[in-house]
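Single-structure report; data block below.
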Amino acid sequence: MLRFIVSRRFNLHLDKADEQSIIKDITWNTEFKGANLWTLIFAIFIASIGLNVNSTAVIIGAMLISPLMGPIMGVGLGIGINDFALVKKGFRNLFFATITSVATSTLYFMVTPLHEAQSELLARTTPTVWDVFIAFLGGLAGIVAATRKEKNNVIPGVAIATALMPPLCTAGYGIASGNIYYLLGAFYLYFINSVFICFSTILMVRFLRFRKKYFEDKGYEKKVSRYIFIIITITLLPSIYMAYRIVNKSIFVNNAQRFVKEQFQFRNTQVVSKNFLFNGREGNIELLLIGHEIPNHVIDSIRNEMPNYNLGHSQLIVRQGLNAKQEVDLMQIKASIRKMCSAGIPLLTWLTVIRYASYRICVLN
């Protein structure tokens, strides 16, 4: 009884649309001409502006109207049912859409007066294995929604989650600014999303037992399957390595934050700037202090505590007094005072710190 209830709850065949109508709809969405092409160009401009001004809402809006999912799902469907004419058509349209998107975004970033890379743009330059999971699960949700009789809001949600549009705009920024790392990182993210949306479409089409076109040459089918496996492996491995580096960096930063917070607690000395650098193996903790100078033997004893925070291979650099001449920033000092006040540190304490810092700045200048 329980098995029957569970199987009925999770049965994807219950509200499945007619197979031919599904194939017809996906095939139609594979095309890039007329309205689809103009919609793509408008979406690219909107996404480029969103990345340029660092507006998440604008970027989401561009992804909602982007038609890029069509040819990717068309390729997946074609491979899933052995319709290699559809596969070629999907690849051809996807290539055309990609070139059009990159050219449009490059044009925008060449004429815009804003040239600084914002955080939304930088986020599309370092893909990881989590982007693989998002693309794969998003692709599964997308093809499930595309095979239903009643269409719902899943497809727009998939377009937002898998984020096909922003990487292409970032690639355009890389070309316009001459930054090869942005270009390669963005294209890799786009490649990850495309491959794993396609792969999840293949799996779901075969799970739903779509009728396949059979060929007398079975070796050709095996060759296609082998190519798919190779492409997925090549796509997956670099993202795992990048995820490994990001996790290690995150662990280092968390340990460094805890180390600074616990070890640099002095009544008349304040950390006004901290910078954590990690190269994959070793890390640097750079601190700028104002207030009463901490003696070298105290700093050395603090360094000896670093292995207790898993920072044994990291270097601690402390700038204070004369060594802080080129580093002192009044804005940093003001921010630190606000932080001290919000933490309930007595007025007299921070007045002492700022008086000492002001004296130092005058002497150094």
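Bear in mind these aren't lab numbers, they're just calculated from the coordinates by the rules spelled out. These numbers were taken from a predicted model, which means no experiment stands behind them. FYI the Cβ positions are ideal-geometry reconstructions off the backbone, even for glycines, and counts take in every protein chain you see.
In 5 Å bins starting at 0, how do the alpha-carbon pair distances of segment 172-301 split up by percent? Answer for segment 172-301: a P(r) of 2, 7, 10, 12, 11, 10, 9, 8, 8, 7, 5, 4, 3, 2, 2, 1, 0 percent.
Among the trypsin sites (Lys or Arg not before Pro) in segment 1-93, those placed in a DSSP loop whose Cβ has at most 11 other Cβ atoms within 10 Å are K33. Summarising the label geometry, the points placed 7 Å from Cα in the beta-carbon direction at V247 and H313 lie 1.6 nm from one another. Calculated FRET efficiency, N284 and Y181, Cβ-Cβ r, R0 25 Å, to nearest 0.05? According to the calculation, E is roughly 0.70. Of the residues T106, T100, T201, the one with the fewest other Cβ atoms within 10 Å heads the list, and the complete ranking is T100, T106, T201.
For every other residue with a beta carbon closer than 14 angstrom to the beta carbon of M242, add +1 if it is Lys or Arg and -1 if Asp or Glu, then tell me the sum.
Values: positive: R124, R245, K249; negative: D131.
Local charge sum for M242: +2.
Give me log10 I(q)/I(0) at q = 0.13, 0.14, 0.15 Å⁻¹ for segment 19-119, Debye formula, one equal scatterer per alpha-carbon, no solvent. Taking Cα atoms of segment 19-119 as identical point scatterers yields -0.52, -0.58, -0.65.
Taking 0.36 nm per residue of separation and subtracting the Cα-Cα distance, what length does fully extending L37 through K213 add? Walk me through the numbers before you get to the answer.
Working: separation 176, 0.36 × 176 = 63.36 nm, distance 3.02 nm.
Taking 0.36 nm per residue and subtracting the Cα distance, the gain is 60.3 nm.
At 4 °C and a viscosity of 1.567 mPa s, what translational diffusion coefficient does Stokes-Einstein give for segment 12-214, taking Rh as the Kirkwood radius over Cα pairs? Give it in µm²/s as a whole number.
Working: Rh = 17.0 Å.
Result for D is 76 µm²/s.
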